[in-house]
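Below is one structure, written out as structure tokens, with a few remarks after it.
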Amino acid sequence: MLITLGAAILRFVSLGRPIELVFDEIFYARDACWYVAGSEAVCGITDLTSRAHPPLGKWLIGSGIAAFGYEPFGWRVGVAVAGTLSVALVYLLAWRLLRLVTVGSAATVGAIAASALLATDFLHLVQSRVAMLDAFIVLFVVGAVLAVVLDRDRMRERADPPWWWRVTLGRPWRAVAGICLGAAAATKWSGAFAAPAIIGLAVVWEIAERRRAEPEAGWKRWLWGAVRREAIPTFVLLAVVPVLTYMASYIGRMPGELIALPWDTASVWRGIWEHQRAMLDFHTSLGGDHPYQSPAWSWSLIRRPVAYWFEDSGGSYREIIALGNPLVWWPGLVALAALVLTWARAGWGWMRPEPVIGAAAVSTYIPWLILSGDRSQTFLWYFLPTVPFLCLALGVFAAWGWPRMSGRVTVGIYGLLVMASFAFYVPLLTALPLDPDGWRLRVLFQDCERAGAPTMTLPDDSTSQGTPPRGWCWI
């Protein structure tokens, strides 16, 4: 509760600063306003400014506008809530994963470490304070992973099942996982990247359950038993339910007849289909260069952060920069790799935390390495859904080291270093004023020469055209 409260304070205090639209808020905040108000006088637009993504994220931003008005706090409060809830869910997920492989208070220590690292992560904090879509993806992806883990540990039988137990085919947590998957995809298509991990883990755990029930039966019997018992619930809850959730995000946003043939031009279904085609065309044909773009392989290395907002107010600088913390991201990558070794040493047990964290990290990141080859405009903030699993990997090692005095000392020193780095960089994450020397002290990498364009000496948040720097550039 204290960590969640701290995360909320960091995300809600001065949430209305800056008082203007920041970076892609020019698309999402204005469209969200159009969703809930539909008025040029209120929103300053006569039609949607972007149709590049499904509607759910804009609906969620619009909920804040409906509650607090079309002003900075109103259009950012939805993402702040999502960011805060994500921290709480990471705590619960970490504790659930660690309770079977630790003793004493170590599971709690690991959960505290993982959730505190996410609460103070640079990029997660920034994305929880600007009206963009990615904080919602993190919430739904972490929610889906937690739900499928709870489904793994579910009560198998009930003597007198309630209605909701029967409606969900005896798998209420798996239904929640399906809803979260659909919601992630209904925010951005990239939210669906988590689906292979969720479905794969569910399938493997069911086979493992058959193996525990019939240890002498053999692989064919285990596999057939899992298929016979779980094929229908898995298909319904992790395929049909996500699709229905995705479709539900279009309620109120797609005109047309509900009862009509799908190919009829007056059908709401035809409108939804045409929107899918338009989104696909947008993402596959997006060309040109952006000065803040970076290839997917470089995101975890924090080679090219993104300046969302910058102001030179006569002697002091204010900035909001989408940046990762090297003290968290780089050790987090090492921890992810080390989990493979610990998993191997433990005999590749599927009930351990390693396959969950590893599968989620891989499924949220690897698709970008594959899909971004033909697309130049990809950005560091796309890495955000993977960040909670870096924090979870570090939390696992904090838990395992805690029983020893040397481990406690290491965890304590590391925690102090992370907190110090966070305090040092908070001004660049929340638009607090800095003198030019203080600003430059925090911009560690300044290899900002660009081919065919001027070398960057200060951030430029006013243009989306131009080549990115050749080297490591935090300006």
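If you sort the three axes of the alpha carbon gyration tensor as a ≥ b ≥ c, you get a/c of 1.5 or more for segment 376-435 and a/b no higher than b/c, which makes it oblate.
As a calculated quantity, the FRET efficiency between HIS283 and GLU214 at R0 = 60 Å, using C-beta atoms, amounts to about 0.80.
When only alpha carbons of segment 282-365 are considered, Rg and Dmax amount to 18.7, 61 Å. About the centre of its Cα atoms, segment 129-184 shows a dipole size close to 100 debye [charges on the beta carbon of Lys, Arg (+1) and Asp, Glu (-1) only; nearest 20 debye].
Using Cβ point charges alone (K and R +1, D and E -1), the dipole size of segment 351-451 about the Cα centre works out to roughly 340 debye. In units of the compact-protein estimate 2.2 N^0.38 Å, segment 238-396 shows a Cα radius of gyration of 1.40. Here segment 257-301 and segment 175-197 have alpha carbon centers that stand 16 Å from each other.
Relative protection proxy for 228-234, 320-326, from highest mean packing down: 320-326, 228-234 (other beta-carbon atoms within 10 angstrom). Were the residues from ALA52 through PHE445 laid out at 0.36 nm apart, the gain over their Cα-Cα distance would be 138.2 nm.
Within the set of other residues whose C-beta is less than 9 Å from the C-beta of ALA346, count the net charge using Lys and Arg as +1 and Asp and Glu as -1.
+1
Secondary-structure-derived ellipticity at 222 nm for the chain, considering helices only, amounts to -19000 deg cm²/dmol, per-run term -39500 (n - 2.57) for DSSP H runs with n ≥ 4.
Among the chymotrypsin sites (Phe, Trp or Tyr not before Pro) within segment 330-364, those in coil by DSSP and having at most 12 neighbouring Cβ atoms inside 10 Å are TRP348. Counting every C-alpha pair in segment 193-267, the share spaced more than 20 angstrom apart comes to 52%. For the chain, the cysteines with no partner cysteine C-beta closer than 4.7 Å are CYS180, CYS391.
Under unit Cβ charges (Lys, Arg +1; Asp, Glu -1), what dipole magnitude, rounded to 20 debye, does segment 2-442 have relative to its Cα centre?
1640 debye
Give, as ranges by residue number, the residues of segment 160-176 whose backbone N falls under 17 Å from the point 7 Å along Cα→Cβ of ILE232. Under cut-off, by backbone N: 165-172, 175.
Distance from the C-alpha centroid of segment 130-149 to that of segment 359-434: 16 Å, rounded to the whole angstrom. Peptides 461-470, 178-187, 101-110 ranked from most to least packed give 178-187, 101-110, 461-470, packing being the mean of other C-beta atoms within 10 angstrom over each peptide's residues.
Averaging 1/r over every pair of different alpha carbons in segment 303-346 and inverting the result gives a Kirkwood radius of 13.4 Å. Here is the size of the chain from its Cα atoms: Rg then Dmax, 23.1, 76 Å.
Placing dummy labels 7 Å off each Cα toward the beta-carbon, the span from THR342 to ILE259 is 5.8 nm.
Under 1.5 on a/c is rounded, so check that first for segment 113-213, then, if it is not, pick prolate when a/b is larger than b/c and oblate when it is not; a ≥ b ≥ c are the square roots of the alpha carbon gyration tensor eigenvalues. Prolate shape, in that a/c is at least 1.5 and a/b is the bigger ratio. Overall dimensions of segment 41-195, expressed as equivalent-ellipsoid semi-axes from the Cα gyration tensor (√(5λ), whole Å, largest first), are 32, 21, 13. Farthest toward the positive end of the dipole of segment 212-313, out of LEU244, SER300, ALA213, is the Cα of ALA213, where the dipole comes from beta carbon charges about the Cα centre.
Bear in mind that the values in this text are calculations on the coordinates, not laboratory data. Note that this is a predicted model, so its numbers are computed, not measured. Glycine also receives a Cβ, built like all others from the backbone with ideal geometry; neighbour counts cover every protein chain displayed.
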